[in-house]
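> Have a look at the structure that comes next, please.
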Amino acid sequence: MKVTSGISLNNVAVAATPKHLLQFAVDQRYDDYTSVDHAVWRFIMRQNTFFLKEYAHKVYFQGLLNTGISFERIPRIQEMNDILAKIGWGAVAVDGFIPPAAFMEFQAYKVLVIACDMRQIHHIEYTPAPDIVHEAAGHAPIIVDREYSNYLQRFGEVGAKAMSSKKDFELYEAIRHLSILKEQPNSDPKEVEQATKLVEHRQKTLGEPSEMAQLSRLHWWTVEYGLIGTLENPKIYGAGLLSSIGESVSCLEPEVKKIPYSIDAANVPFDITTKQPQLFVCQDFKHLANVLEEFASKMAFVVGGLEGINKAIECKNVATCEYSSGLQVSGIFDEVITDEKNSPIYLHTTGKTALAFRNTELGDHSINYHKDGFGSPIGNWKQTATSPESLSGDELRKLGIVEGENAKLEFASGIMVEGKIEKVLRRDGKLLLITFSDCRVRHGDRILFDPDWGTYDMAVGNKISSVFNGAADKDAYNQVALVPRERTIKSPSDAKRKRLENLYAQVRKIRESKTGYERLGEIWETQQAEHPDDWLLSMEIFEILDTTDQQPHLKAKIEKFLNEKKAATKDLSTLIGWGFRLVDYHKKPEYQATMQGSQK
């Protein structure tokens, strides 16, 4: 498979993704995963098959088998693309959290973004940062369900149009920074405390949450942390829960409040760095789609009008206002004029602006041409009751709208446009734009455009039908996404760590080749001498000895060591207890069938 910079060129969904999104793609650097990383993956995946078979939504476990994700090693992005292509999806590798708008747009193109980091062993139960367990083993299996994957794509389409604010991005950066610090080994507690306070401060000072902030909450409480079924006996389907062997257990306890899912979840903020105190339970996947459409019906891209334009002005970022003719104006909006009925009659942008139709830039109306902004009336013309975008060529001529001739247009709002008509632009039978020279535009005593300012391009449309985030044609607009400056932190690998990794690699080779069992005692003694705090390697050796009925004396020593660790540390008590449970379980026929189904 041909792959360039983390992008699978042979996957149809990925190949259709626009350039402004693919700038987030990175190389997976598969060879950087260590034998410890693969061991952590193996432990999590095998625990998931034990616990989630009973408590996850039925489609998840079947999807896990259908996708063919190996339980024994971390999957390659190329493999994920082969798997996902069967259901019309694709995947790209990214560096940790990416901005919500980009995440949503990837989803709209049916592309999963896979944070290719692997959680460290001290976060084996739960990691505050996205990692490949979360993406590959959490998201991918559940989307084999067609109804759910349609919901996911639709969420992406809606989310990509959601209005956001600079405060949203500042909060996102603060959360990303905190998640990186919490995943970093030996991070400075004071730095973590400061980062936590910054997140709390930005959450408190966010003000009225934007559409994107509210949609991010709906996404969190469904796609990431959703439960499905009844309040009394819900099942897990959210990827954040499916990928957390700690929280997938604790989330079903009575201490975690279960709330019927509704649009009200958009008003409930979340904290990505800790376990959730409450979760929402949907009835089924259709319920999810219904709530999403209920929320979408109130968004600016659906309602347009003054409400939408005001959201565009408030966001202080590039947004698009679409006229009822289909003409799309993309830029940073700074003003709207209204009439006595509080209806918008004129909009204005500042700085680089582009005009588009059906999300494709109009050739002569790029940001280079409209580099100083754009302003135009909205509404019907006084001379006719017909919506101006619907006027035919004959009807325009009767109104004196003829190329090369002077004309005077009066809007129902009172705005006057006078000048020489240079060009009339149509698309798909709709009148989009009239270009004037020597033009003056005024509203009462206010001059909105003066002949000395150059050519005037007047948008046509009786209303603003839609307002959405970003440029209509992002690639042509050269809209550079706000790519995070801070990179995720990789764990340092010194000589001592490399020796531990080598021990894990030796045990893995013995398990897979089914030879060399006599060396396990030496390996374990070395681990005990050099890495006494490590427990997972001991569990892997114990498992091999139990499976093969070899060296009962060594097995007893390791079991004693693990039980001492289990008794001494609360966190290890749970993990080691799960490990022993799995060793017992793996002897059962149903487990052997499961493992055979997971192999390629």
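The values are calculated or read from the model by the stated rules, or taken from the named source; none is laboratory data. What you see is a predicted model; the values in this text were computed from it and never measured. Counting neighbours? That spans all protein chains shown, and the Cβs are built from the backbone with ideal geometry, glycine included. Note: accessible area is taken over every heavy atom of the protein model, side chains too, but ligands, DNA and RNA are not part of it. Shrake-Rupley method; radii C 1.70, N 1.55, O 1.52, S 1.80 Å.
> So, with +1 on the Cβ of K and R and -1 on the Cβ of D and E, and no other charges, what is the size of the charge dipole of the chain about its Cα centre, to the nearest 20 debye? Please report the intermediate quantities before stating the final value.
Numbers: 72 positive and 82 negative charges, 193 e Å.
Dipole magnitude for the chain comes out near 920 debye.
> Packing-wise, with mean Cβ within 10 Å as the measure, how do 535-542, 206-213 rank, highest first? Walk me through the numbers before you get to the answer.
Details: 535-542: 22.4, 206-213: 18.5.
Most protected by this proxy first, the peptides run 535-542, 206-213.
> Could you size up the charge dipole of the range 37-88 around its Cα centre, putting +1 on the beta carbon of Lys and Arg and -1 on that of Asp and Glu, and report it in debye to the nearest 20? List each step's numbers first, then the result.
On the way: 7 positive and 5 negative charges, 21 e Å.
Rounded to the nearest 20 debye, it is 100 debye.
> Give me the distance in nm between label points sitting 7 Å out from Cα along the Cα-to-Cβ direction at Glu170 and Ser250, one decimal.
Label at Glu170, label at Ser250, 3.2 nm between them.
> Next question. What value, in deg cm²/dmol to 500, does the helix sum -39500 (n - 2.57) over DSSP H runs of n ≥ 4 give at 222 nm once divided by the residues of the chain?
Details: 23 runs with 246 residues, N = 600.
Calculated mean residue ellipticity at 222 nm is -12500 deg cm²/dmol.
> Leaving ligands, DNA and RNA out of it, work out the accessible area of His122 with a 1.4 Å probe and give it in Å² to the nearest 10.
His122 has an accessible surface of roughly 100 Å² with all protein chains in place.
> How many percent of DSSP beta bridges within the chain run antiparallel, rounded to 5?
Values: 53 of 65 bridges.
In the chain, approximately 80 percent of DSSP beta bridges are antiparallel ones.
> Ok, one more. If I take every Cα pair under 8 Å that is 6 or more residues apart in the chain, average their sequence separation and divide by the length, what percent do I get for the relative contact order?
On the way: 1084 pairs, mean separation 76.8, N = 600.
Computed over the chain, the figure is 13 percent.
> Also, quick follow-up: Would you be so kind as to identify which of Cys321, Thr547, Ile143 lies farthest towards the positive end of the dipole of the chain, taking Lys and Arg as +1 and Asp and Glu as -1 on Cβ and the Cα centre as origin?
Checked the options; the winner is Thr547.
> Still on this structure, please answer the following. From the protein chains alone at 1.4 Å, what is the descending order of accessible area for Asp271, Asp571, largest first?
Asp571, Asp271
> Can you find, among Ile434, Ser187, Ala56, the residue farthest towards the positive end of the dipole of the chain? Put +1 on the C-beta of Lys and Arg, -1 on that of Asp and Glu.
In the chain, that residue is Ala56.
> Setting aside same-chain residues fewer than 8 positions from Lys382, which lysines have a Cα under 28 Å from its Cα?
Once the sequence-local lysines are set aside, what remains near Lys382 is Lys341, Lys398, Lys408, Lys420, Lys423, Lys430, Lys463.
> Let me ask another. To make sure I understand the rule: partners must be lysines, Cα under 20 Å from the Cα of Lys235, and not fewer than 8 residues away in the same chain. Which ones qualify?
Output for Lys235: Lys53, Lys58, Lys257, Lys258, Lys275, Lys286.
> Something else now. Just grab the label-to-label distance for Ile263 and Asn563, each label 7 Å out from Cα along the Cβ direction, in nm (one decimal).
Spacing of the two 7 Å Cα→Cβ label points: 5.9 nm.
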